[in-house]
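For reference, the structure is listed below as structure tokens.
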Amino acid sequence: MTLPYDATPKFQDYARPEMLVSTEWLAEHLDDPGLVVAESDEDVLLYETGHIPGAVKLDWHTELNDPVTRDYVDGAGFARLMSEKGIGRDTTLVLYGDRNNWWAAYALWVATLFGHPDVRLLDGGRAKWIAENRPVSTETPGRPRAGYPEVERDDTQIRAFRDDVQAHLGQPMIDVRSPGEYTGELLHMPDYPQEGALRGGHIPGAQNVPWARAAAEDATFRPRKELEAIYGGEAGLSPADDVIVYCRIGERSSHTWFVLHHLLGYPAVRNYDGSWTEWGNSVRVPITQGDKP
Amino acid sequence: MTTALNPRLQDIVDEFEAVRGQEKLQLLLEFSDELPPLPARYAEHRDLLEPVPECQSPLFLAVEVDGDGTAHLFFDAPPEAPTTRGFASILQTGLDGLSAEEILATPAEFTTQLGLSDLVSPLRLRGMAAMLARIKRRIQEQQGA
């Protein structure tokens, strides 16, 4: 039961226009059967302050991650989670969130590991919906439980592990963190040692393109031409490249993964979710400091 | 030696300990809603506030110590950062109007007693600990001055 695609002209320039919906489209389809809207935020309380009517909450920290092992939930865990949220395998899942859809893109990437057939992002996310004074609700929707099948997670296509990154050294990589994190110069005040990694810097060869550059002022994705100027022009990437993206724990880089893979159509893009909190703590891996790749 | 919490902060910890899961988030949201607005002297001069970059959302704070050693705390965080507002409000409710000594004696570990670590990422909880550390440092600076 796939819902119709959004025909917004801006989207048609992207490689996969069907991956995005506009706030107008969502407002129009909000009551359609077969659609579930899920909010995934950086701030864990934001959903409770008011959300798109009928939207369920999807929390990256407590729901998408395994509580013990540093990994995502497995097939059984994902099936249980989706079923509880009222999401079936044939549901059109529209994700949105705060901060330019940063966490929503992360949730979309995780859903892709399980091959969810129809998952889309709300262009502009929570900020645009609110800015347009569209309705919000504090009611928690009581969605009937769905029967989501157990699907084995596929980590081979869009996910990279540390060993994959070591084998990839010398090939295109994008570090999407802030310039300060990239150079390794992060502010390091006396009483507040920077936690998360023992070493600062970046993976040798990785170029620095902060993730939020892909978003416009209103939190929507920049038009294709502008994205091409950033990733193809400045960073020199081409669709034929095998690209790995990373950040601190793989959330911000999910956003860049979405841009490169779905909006620009690069076929081979993997997200290294171990990211700097793994690389910067690993023994004897190469690190580069400073502003050069 | 373990340092006891002051009674007001202890009450807050007890309140959080009494609820679980979703109710804990609702409680944090109530704190978030109750964070008092900045008085005009700060609202009109935000440059007087100190930024707390350890918080993932923008947060600013100011500390004033009276002649008799009473400390007053002021916080500012945007409505789209309710968790950060909630943390600030807990510190405001638990510490504002206490003596400088009482605030300095607040153990940094109190943030873990709220039992939020299952719901809130560790990085965010560190944001609250950083707020407390900055409040203490401000007080020490003013005492030393």
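Just to be sure I follow the definition: excluding the sites themselves, where is the longest run in chain A that has none of the GluC sites (Glu not before Pro) in a DSSP loop with at most 13 other Cβ atoms within 10 Å?
In chain A, the maximal stretch lacking such sites is A:1-131.
The range A:19-89: which trypsin sites (Lys or Arg not before Pro) are DSSP loop and have at most 12 other beta-carbon atoms within 10 angstrom?
Listed in order of number, the matching sites are A:Arg70.
Under a Cβ-Cβ cut-off of 9 Å, what is the net charge of the residues other than B:Ala62 that fall near it, where Lys and Arg count +1 and Asp and Glu count -1?
Working: positive: B:Arg138; negative: B:Glu50, B:Glu64, B:Asp76.
Every neighbour counted, the sum reads -2.
Write out the trypsin sites (Lys or Arg not before Pro) in the range A:198-293 meeting two conditions: DSSP loop, and at most 14 other Cβ atoms within 10 Å of their Cβ.
Passing sites in the range A:198-293 are A:Arg199, A:Arg284.
To the nearest 10 degrees, how steeply does helix A:102-113 sit against the main Cα axis of chain A, on a 0 to 90 scale?
80 degrees
Can you tell me the length gained on complete extension of the stretch A:Glu139 to A:Glu234, counting 0.36 nm per residue apart and subtracting the Cα distance?
Once the chain is fully extended between A:Glu139 and A:Glu234, it gains 29.7 nm.
Among the lysines in the protein assembly as shown, how many pairs, 8 or more places apart or on different chains, have alpha carbons under 22 Å apart?
Details: A:Lys10/A:Lys128; A:Lys10/A:Lys225; A:Lys57/A:Lys85; A:Lys57/A:Lys128; A:Lys57/B:Lys24; A:Lys85/B:Lys24; A:Lys128/A:Lys225.
Taking the protein assembly as shown as the scope, the lysine pair count is 7.
Taking θ as phi - 60°, what are the ³J(HN,Hα) couplings along the range B:102-109 by the Karplus curve (6.51, -1.76, 1.60), each to the nearest whole Hz, with x for Gly and Pro?
Using θ = phi - 60°, the values come out as 4, 5, 4, 7, 5, x, 4, 6 Hz.
Each value in this text was obtained by applying a stated rule to the coordinates, not by laboratory testing. The structure presented is a predicted model; accordingly, all values stated were derived computationally and were not measured. Cβ coordinates were reconstructed from backbone atoms using ideal geometry, including for glycine residues, and neighbour counts include every protein chain displayed.
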